[in-house]
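Trainee: Have a look at the structure that comes next, please.
The values are calculated or read from the model by the stated rules, or taken from the named source; none is laboratory data. This one's a predicted model, so the numbers in the text were calculated from it and none came from an experiment. No Cβ is skipped: glycine too gets one built from the backbone with ideal geometry, and neighbour counts run over all protein chains shown. Areas reflect the complete protein model, heavy atoms only, side chains present, ligands, DNA and RNA absent. Shrake-Rupley method; radii C 1.70, N 1.55, O 1.52, S 1.80 Å.
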Amino acid sequence: MNLLWTWLSNPENWQGSSGIPVRVAEHLAYSAATLFLAALVGIPLGLWIGHTGRGRVAVVNLVNGVRSVPTLGLLFAAVLVVGPLLGGDIAFLVPSIFVLVLLAIPPILAGAYAGVEGVDPGARDAARGMGMSSMEILFRVEVPCALPLIFSGLRSAALQVVATATLAASVSLGGLGRFLIDGQAYRDYGQMAGGALLVAVLAVLVDLVFAGVQRLVVSPGLSPIRSARRVRTRAQLAANPT
Amino acid sequence: MKWFLGHLDQVAQLMLNHAVLALIPLVVGLLLALPLGWLAKRYRGLYSPLIAGTGLLYTIPSLALFILMPLVLGTGILDPVNVVVALTVYTVALLVRTVADGLGSVPDEVVQAATAMGIGRLRRFWSVELPLAVPVIAAGLRVAAVSNVSIVSVAALLGISQLGSLFTDGFARNFLDPIVVGIGACMVLALAMDLAILLLSRAATPWLRTRVAA
Amino acid sequence: MKKHLATLAAAATALALTACSSGNPLASSAPASSAPASSGAALSIVVGSANFPESEILADIYAGALKAKGITVSTKLNVASRETYVPALKSGEIDLFPEYTGGFSKYLSADADTHDEASALASLKSLLPDTLTALEPSAAQDKDSITVTRATADKYSLKTIEDLAPVAGQFVLGGPPEWKNRALGVPGLKKTYGLVFKDFKALDVAGPLTVQALKNGQVQAANLFTTDPSIKANDFVSLEDTKQFFGAQNVIPVIQKTKATPEVTAALNAVSAKLTTDTLASMVTKVVIDKQDAATVAAEFLSTNGLG
């Protein structure tokens, strides 16, 4: 605890290109880029599957397969394969983001798919009865109703990505993982514990931001607070259906 | 492929180490999560802090947890116990919510009926609530099992021998074969554990099958 | 206020859980690795290695040589850097380690004199903790180096580390993370050669990251080992260490005193007697370039030299 405090309270650690603010910014940048790309793939795919009911089994199995890929091994393989093809700093950045995106897609996809699939069939039928087209039903009924689950998928992906983005440091990138890897390399427990604490705090803050956005975006009629609980378990179930 | 065939023994040994390091925490974590999940479900006020607190544990990066464990436990830096305890923490983090939600998914009428039949609270938990919560708990357990297998490999950065050692070895030599074999073996292990839990949960809930059959 | 309470409660839960797991019954059932070997029981030795192929080869050689004498051996390979494995050596989790005279001395004391083989060995012997002892050093040396690409060397006409002085300000230096603070790293380069680089980039221990970063221009100068075959393969230039900063780096077995029985000592000294820089470099080439197993290469060395 003392070591941790000494490290955190040392003003030197808060300055310069390897100071805490820079590392936090790098960490957020990696995480944001990852989540954006993962959402770009995961949400449309999840919506499509939930809406059409097509390709469910294939995707669920794929998601399970992806989940079981060990992140560290994939990162090393990606760096060895992709690294030499690229020049400069992106040589290690691209493989790292790729691995993180792969990690983030399953929860996002599962959330989107479970959300749409779980929409009350009555609401869907009513929309159809009102003469809505398939696309209108998707975007005006299913997506709004699925938002709590979509958000829960995004939030669990965000938690995972923020915690795992530390691995990027093991292939020489920045971010808060630097404190863990460097702390390990010179046995500076204060730095390691500080890095770990910052990661946890960052993860919680990111989650709070998502929670705030969710509250603004989700229709109050869906009572997000109450359903969120059931929803997360369901999202887990969706990823691993029996 | 050639590399794999030439190193079957080594891969099998590493896989065994890996399985042990991933399995023990799963079992211990479940045993710890059961009472905690029950508490969270039984006392509403405890739900949020328990879920939030255990959820927070999950955000601690694994490398940090492995290295800081010796400070907490007084173990040596190379002791595999560090990995086992760290993974137990993650397993608990994942399972408390699942157990609480699983117990919460048991219909109130069933619990009331059991109470009306004069079944005591403890027996009711073991013989009514827990069995009915098995599908949900098993789903959480499967997620935990798969994630444990992945996290164990990180311990290779500390020299703890398991499939992750193939990653560090391959990487240090710019050699893809061991890394690919390691990834494959990890996936096989994860999916095998996943399947085992699925089968166990099916075996433990025969009533679900008969309902489907009927 | 309510939120604060929830956060507090959450923190308390987290603490309580950690406390729970520290009472984990497994902890007690773990093998007590720090227990001293009882003299009556058969000797068993745990050989460790650092996280680079050469260290693993050497550990396998030591292990094989001891096994050939009927001693029970187990290995703990790839144990990160000195910062991790030295505490494990001190605590007795590891008994035997392939070390380097200069590097280990500098690790134990930043001011250690390691400019030639004799001084490095003397420094190491005087600096080792009481529980450890160094056996006979081998002739094999593997030094750290500052290495640049052929293009960089030509452009700035670099031959020695001293030549870097005028251009260091434009260069990013790459090396293992621990170099940032180690005497035998950034601070030492500044002290000995007056070199202040534009930045330091933490890579791996002279592995593929370092080679890639040097090749693709992320760093202009980097730490590689002199036995590393990738220097030749990529036509890199290792700058001459005119001030003996990296000093002598003879491979030497470091062992727990309690385990250094005459039999063990003889077996390990026999290994040291046969190790040369060339054999070491060719073994590393076999593992890193030809992708042979460290254990296989080690066994081959032992059998050719009649040690195993």
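Trainee: Would you pick out the residues in the stretch C:89-104 that are without any contact (Cβ under 8 Å) to a residue 60 or more places away in the chain and buried (at least 24 other Cβ atoms within 10 Å of the Cβ)?
Mentor: C:ILE94
Trainee: What do you reckon, is C:ALA183 in the same structural domain as C:ALA63 (by TED's automatic domain parsing) and out of contact with any Gly (no Cβ under 9 Å at 6 or more places or on another chain)?
Mentor: no
Trainee: Okay, next question. From the residues in the stretch B:42-77 that are among the aromatic types (Phe, Trp, Tyr) and open to solvent by 30 Å² or more (accessible area, probe 1.4 Å), which one is farthest from the other protein chains (Cβ to nearest Cβ)?
Mentor: First, pick out the residues of the stretch B:42-77 that are among the aromatic types (Phe, Trp, Tyr): B:43, B:47, B:58, B:66.
Within this subset, residues satisfying the condition of being open to solvent by 30 Å² or more (accessible area, probe 1.4 Å) are B:43, B:58.
Working: B:TYR43: 12, B:TYR58: 7 Å.
Per the criteria, the residue is B:TYR43.
Trainee: When the stretch B:69-123 is examined, which residues are found to be at positive phi and touching a Pro at 6+ places or on another chain (Cβ under 7 Å)?
Mentor: none
Trainee: Going residue by residue through the stretch A:28-43, is there one that turns out to be of a type in the set (S, T, N, Q), touching a residue at least 60 places away in the same chain (Cβ under 8 Å), in contact with a helix residue (DSSP H, G or I) (Cβ under 7 Å, 6 or more places away or on another chain) and over 26 Å from C:VAL211 (Cα atoms)?
Mentor: Checked the stretch A:28-43: at least one residue is of a type in the set (S, T, N, Q), touching a residue at least 60 places away in the same chain (Cβ under 8 Å), in contact with a helix residue (DSSP H, G or I) (Cβ under 7 Å, 6 or more places away or on another chain) and over 26 Å from C:VAL211 (Cα atoms).
Trainee: State which residue pairs qualify: first residue more than 18 Å from A:GLY111 (Cβ to Cβ) and inside the stretch A:199-218, second residue outside any helix (DSSP H, G or I) in any location, beta carbons under 8 Å apart, and separation of 6 or more residues or different chains.
Mentor: A:VAL199/A:LEU176; A:VAL199/B:THR59; A:VAL199/B:ILE60; A:VAL199/B:PRO61; A:ALA200/B:THR59; A:ALA200/B:ILE60; A:LEU202/A:LEU176; A:VAL204/B:THR59
Trainee: Does C:LEU132 count as touching a strand residue (DSSP E or B) at 6+ places or on another chain (Cβ under 9 Å), over 28 Å from A:ILE181 (Cβ atoms) and modelled with pLDDT of 95 or more?
Mentor: Judged against the criteria, C:LEU132 is not a match.
Trainee: For residues that are farther than 17 Å from C:VAL284 by Cα and either open to solvent by less than 10 Å² (accessible area, probe 1.4 Å) or more than 7 Å from chain A (Cβ to nearest Cβ) (or both), tally how many sit in the stretch B:171-193.
Mentor: 13
Trainee: Tell me which of these C:GLY247 doesn't satisfy, since it passes every other one: (1) open to solvent by 10 Å² or more (accessible area, probe 1.4 Å); (2) at positive phi.
Mentor: (1)
Quick grid of which residues meet (1) within 21 Å of C:THR210 (Cβ to Cβ); (2) more than 19 Å from the chain's Cα centre (by Cα):
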| residue | (1), (2) |
| --- | --- |
| C:LEU121 | no, no |
| C:PRO129 | no, no |
| C:LEU135 | no, no |
| C:ALA140 | no, no |
| C:ASP144 | yes, no |
| C:ASP154 | yes, yes |
| C:GLU162 | no, yes |
| C:ALA168 | yes, yes |
| C:VAL172 | yes, yes |
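Trainee: Does the stretch B:153-170 hold any residues that are facing another protein chain (nearest Cβ under 8 Å) and hydrophobic (A, V, I, L, M, F, W, C), and which are they?
Mentor: B:VAL154, B:ALA156, B:LEU157, B:LEU158, B:LEU163, B:LEU166, B:PHE167
Trainee: Still on this structure, I have one more. For the stretch C:205-230, what are the residues that are open to solvent by 20 Å² or more (accessible area, probe 1.4 Å), out of contact with any helix residue (DSSP H, G or I) (no Cβ under 6 Å at 6 or more places or on another chain) and in contact (Cβ under 8 Å) with a residue 40 or more places away in the chain?
Mentor: Answer for the stretch C:205-230, where residues must be open to solvent by 20 Å² or more (accessible area, probe 1.4 Å), out of contact with any helix residue (DSSP H, G or I) (no Cβ under 6 Å at 6 or more places or on another chain) and in contact (Cβ under 8 Å) with a residue 40 or more places away in the chain: C:VAL205, C:LYS215, C:PHE225, C:THR226, C:ASP228.
Trainee: Then there's this: Determine if the stretch A:204-213 includes at least one residue that is in contact with a strand residue (DSSP E or B) (Cβ under 9 Å, 6 or more places away or on another chain) and of a type in the set (D, E, K, R).
Mentor: Checking the stretch A:204-213: not a single residue is in contact with a strand residue (DSSP E or B) (Cβ under 9 Å, 6 or more places away or on another chain) and of a type in the set (D, E, K, R).
Trainee: Just to be sure, is C:ALA273 over 30 Å from C:ASP130 (Cβ atoms), in contact with an Asp or Glu (Cβ under 9 Å, 6 or more places away or on another chain) and open to solvent by 30 Å² or more (accessible area, probe 1.4 Å)?
Mentor: Working: over 30 Å from C:ASP130 (Cβ atoms): no; in contact with an Asp or Glu (Cβ under 9 Å, 6 or more places away or on another chain): yes; open to solvent by 30 Å² or more (accessible area, probe 1.4 Å): yes.
No; evaluated as a whole, the condition is false for this residue.
Trainee: Do we have B:VAL134 as surrounded by fewer than 24 Cβ atoms within 10 Å (Cβ to Cβ) and more than 14 Å from chain C (Cβ to nearest Cβ) here? Explain how you work it out, then say what you get.
Mentor: Numbers: surrounded by fewer than 24 Cβ atoms within 10 Å (Cβ to Cβ): yes; more than 14 Å from chain C (Cβ to nearest Cβ): yes.
Considered against the rule, which asks whether it is surrounded by fewer than 24 Cβ atoms within 10 Å (Cβ to Cβ) and more than 14 Å from chain C (Cβ to nearest Cβ), B:VAL134 comes out as yes.
Trainee: Sticking with this structure for a sec: Given the criteria over 30 Å from B:ALA192 (Cβ atoms) and open to solvent by 10 Å² or more (accessible area, probe 1.4 Å), does A:PHE92 qualify?
Mentor: no
Trainee: Further question: Which members of the stretch B:78-106 meet the condition of being within 11 Å of chain A (Cβ to nearest Cβ), over 12 Å from the mean Cα position of the chain (by Cα) and crowded, with 24+ Cβ neighbours inside 10 Å?
Mentor: B:ARG97, B:VAL99, B:ALA100, B:ASP101, B:GLY102
Trainee: Which number in (1) of a type in the set (Phe, Trp, Tyr); (2) modelled with pLDDT of 95 or more; (3) under 21 Å from the mean Cα position of the chain (by Cα) marks the one condition that C:PHE246 misses?
Mentor: Of the numbered conditions (1) of a type in the set (Phe, Trp, Tyr); (2) modelled with pLDDT of 95 or more; (3) under 21 Å from the mean Cα position of the chain (by Cα), the odd one out for C:PHE246 is (2).
Trainee: Just checking, which of A:GLY190, A:GLY175, A:GLY195 is at pLDDT below 95, within 17 Å of A:SER18 (Cα to Cα), assigned to a helix (DSSP H, G or I) and in contact with a Lys or Arg (Cβ under 8 Å, 6 or more places away or on another chain)?
Mentor: After ruling out the rest, the residue left standing is A:GLY195.
Trainee: Then there's this: Inspect all residues belonging to the stretch A:113-130 and state whether any of them is at positive phi and not in a helix (DSSP H, G or I).
Mentor: Filtering the stretch A:113-130 down to residues at positive phi leaves none.
No, the conditions are met nowhere in the stretch A:113-130.
Trainee: Whether any residue in the stretch B:91-102 is out of contact with any Phe, Trp or Tyr (no Cβ under 9 Å at 6 or more places or on another chain), assigned to a helix (DSSP H, G or I) and under 23 Å from A:GLY177 (Cα atoms) is what I want to check.
Mentor: The answer is yes; a qualifying residue exists.
Trainee: Considering each of A:ALA157, A:ALA123 in turn, give the residue that is crowded, with 19+ Cβ neighbours inside 10 Å and of a type in the set (Gly, Ala, Ser).
Mentor: On the way: A:ALA123 fails: crowded, with 19+ Cβ neighbours inside 10 Å.
The match here is A:ALA157.
Trainee: Hey, which of the helices (runs of 4 or more DSSP H) in the stretch A:11-92, taking only ones fully inside, have at least 1 residues that are more than 14 Å from chain B (Cβ to nearest Cβ)? Explain how you work it out, then say what you get.
Mentor: Working: elements: A:20-52, A:56-67, A:71-82.
Per the criteria, A:20-52, A:56-67.
Trainee: Hey, another quick one. Being aliphatic (A, V, I, L, M) and either open to solvent by 20 Å² or more (accessible area, probe 1.4 Å) or within 14 Å of another protein chain (Cβ to nearest Cβ) (or both) is the filter here, so list the residues in the stretch C:143-183 that pass it.
Mentor: Residues satisfying the conditions are C:ALA151, C:ALA165, C:VAL172, C:LEU173, C:ALA183.
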